[in-house]
Structure formats: C-alpha cells, structure tokens
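Trainee: One structure, pasted below without further comment.
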Amino acid sequence: MTPSLRVVAVSGGMQRPSKAAALAAHLLSRIADAVPCETHLIELGELAPQLAGAVWRTQLPGAIERELVAVEQADVLVVTTPVYRGAYTGLFKHFFDFIHQDALIDTPVFLAATGGSERHALVIDHQLRPLFSFFQAWTLPLGVYATDKDFADYRVQDEALIARADLAVQRALPFMVLARDGRAVRATTRLAA
C-alpha cells in the first residue's frame, strides 16, 4: 500500500483570523483533493508567546518542538506569510531558524504570500525562494500570491487566485509523488538494515 503524504503548512500570519492562514488552508485543501495525504496547519501567531524569547532550540517548550519535528518530517511543505516591510514576518524567519539545516533537503515547498497590493508579489522570488534554497528544498516553480481583494471573510474567493492555486498544485504533483515514493524507499531501506 502506498503511504499517504504528510503535508505540513506553516502560516507566518500574526493575527487571527489571518489571510495567510486562510491561503495555507486553501492550498492544503487543494492538495488533499489531488492526492491522498495527511495535512497539518501550523499558525505561528498562536505560537508567538512561546517562541519569541527562545534563542536555542533546547529553550523551546514541547509544543513548539512537536511543530518543528512536524515540519522536518513533512513530505511536502506549504509556507505562507503576509508581507511585512517588504519581506516575510520576523516570527516566520525565527521559526525556520530552529529547523535543522539538512531536514528539508529535497522536500517540495509551495511558496505563498499575502499582501495589501500587487506591489509585493515578488516577495515569493526575492525572499521565500532564497530562504528555502538554503535548506536545499525543492521550491516549486509556481508561487501563489494573494491580495486583500482576493478574500471575503478570510476565505479565498477570487476565481483567478483559485485557478492559480489549482495550477500550482497540478504542476507540483510529480514532485509530491517523488517525495512520497522517496519516503517509502527510505523506510524500506531502514527496515532492511
């Protein structure tokens, strides 16, 4: 039996409700429609009080450690962040500073962001893509950027955005299958050892 994918989304939104979290949930839903998977959404705004003062991973409480492990063990990662002063949020970067530098090698990563206007759309290529290239992850070719007008009551409602999200998922399917199959091969190899 083919194992289902572990798909983890990290939203860098600081508010609740959050458009970044809504976009992450929308992408998770579209991925789940396309391929069997287990999904998990991490909202950094909820974790901020426990995360903000830590300098070392050993200083983090168990709840944060579990979320870091979920990211490190994900077969596919979805990351969304609101644009804040031309980049991802500081808490988003702080969270990923605790991820082991080799944990995301060859992990497919959907890149997504939200902002007040189209002017910040390049945050995906100028900020997010380099961050996940450091981790040697596969940053998927089609990013998803949403503005305030793409949402109604914190739900994705713009047809063009929905179509772009669907296209991003469709183009990512081969990478997700590779990630799933690679995990199965690694698990088989460990069992044989």
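Trainee: Write out, first by first residue and then by second, each pair whose Cβ atoms fall under 9 Å of each other, whose residues are 6+ apart or on separate chains, and whose first residue, in segment 136-157, is closer than 15 Å to residue 125 by Cβ while the second is at pLDDT below 90 and assigned to a loop (DSSP other than H, G, I, E, B).
Mentor: 143/121; 145/121; 145/122
Trainee: Going by what's in this entry, would residue 47 be described as modelled with pLDDT under 95, in contact with a Phe, Trp or Tyr (Cβ under 9 Å, 6 or more places away or on another chain), over 24 Å from residue 176 (Cα atoms) and not in a loop (DSSP other than H, G, I, E, B)?
Mentor: Yes: the conditions hold for residue 47.
Trainee: A further question on this structure: Quick check on this structure: which one of 114, 139, 107 is of a type in the set (S, T, N, Q), under 17 Å from the mean Cα position of the chain (by Cα) and within 17 Å of residue 19 (Cβ to Cβ)?
Mentor: 114
Trainee: Ok, one more. Given the options 129, 85, name the one that is at pLDDT below 95 and open to solvent by 20 Å² or more (accessible area, probe 1.4 Å).
Mentor: It is 85.
Trainee: Still on this model: Pick from 123, 76: which is at pLDDT 95 or above and crowded, with 19+ Cβ neighbours inside 10 Å?
Mentor: Exactly one of 123, 76 is at pLDDT 95 or above and crowded, with 19+ Cβ neighbours inside 10 Å, namely 76.
Trainee: If a residue has to be part of a loop (DSSP other than H, G, I, E, B), open to solvent by less than 40 Å² (accessible area, probe 1.4 Å) and within 18 Å of residue 5 (Cβ to Cβ) to count, how many in segment 88-120 make the cut?
Mentor: Matching residues across segment 88-120 total 3.
Trainee: Give the residue that is modelled with the lowest pLDDT, with candidates limited to residues of segment 149-193 that are open to solvent by 70 Å² or more (accessible area, probe 1.4 Å) and among the basic types (Lys, Arg).
Mentor: So the residue we want is 190.
Okay, residues lined up against (1) among the aliphatic types (A, V, I, L, M); (2) closer than 24 Å to residue 106 by Cα; (3) in a strand (DSSP E or B):
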position: 141; (1), (2), (3): no, yes, no
position: 146; (1), (2), (3): yes, no, yes
position: 149; (1), (2), (3): no, no, no
position: 163; (1), (2), (3): yes, no, no
position: 170; (1), (2), (3): no, yes, no
position: 175; (1), (2), (3): no, yes, no
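Trainee: If I go through segment 123-139 residue by residue, how many of them are under 12 Å from residue 110 (Cβ atoms) and out of contact with any Lys or Arg (no Cβ under 7 Å at 6 or more places or on another chain)?
Mentor: 6
Trainee: Now for a different question. For segment 71-87, state whether one or more residues are assigned to a strand (DSSP E or B), over 23 Å from residue 154 (Cβ atoms), touching a residue at least 24 places away in the same chain (Cβ under 8 Å) and among the aliphatic types (A, V, I, L, M). Show your work before the answer.
Mentor: Of all residues in segment 71-87, those assigned to a strand (DSSP E or B) come to 76-82, 84, 87.
Filter once more, keeping what is over 23 Å from residue 154 (Cβ atoms): 76.
Subsequent filtering for residues that are touching a residue at least 24 places away in the same chain (Cβ under 8 Å) retains 76.
Keeping just the survivors that are among the aliphatic types (A, V, I, L, M) gives 76.
Yes, segment 71-87 has at least one match.
Trainee: Since residue 9 meets every condition but one in (1) among the aliphatic types (A, V, I, L, M); (2) within 24 Å of residue 133 (Cβ to Cβ); (3) more than 12 Å from the chain's Cα centre (by Cα); (4) surrounded by 16 or more Cβ atoms within 10 Å (Cβ to Cβ), which condition does it not meet?
Mentor: Here residue 9 clears every test but (3).
Trainee: When segment 16-44 is examined, which residues are found to be of a type in the set (Gly, Ala, Ser), touching a helix residue (DSSP H, G or I) at 6+ places or on another chain (Cβ under 8 Å) and surrounded by fewer than 22 Cβ atoms within 10 Å (Cβ to Cβ)?
Mentor: 34, the sole residue that qualifies.
The values are calculated or read from the model by the stated rules, or taken from the named source; none is laboratory data. Bear in mind the structure is a predicted one, so any value in this text is a computation, not a measurement. Because the Cβ atoms are built from the backbone with ideal geometry, glycine has one as well, and the counts that use them run over all protein chains shown. Heavy atoms of the whole protein, side chains included, go into the accessibility calculation; ligands, DNA and RNA do not. Shrake-Rupley method; radii C 1.70, N 1.55, O 1.52, S 1.80 Å.
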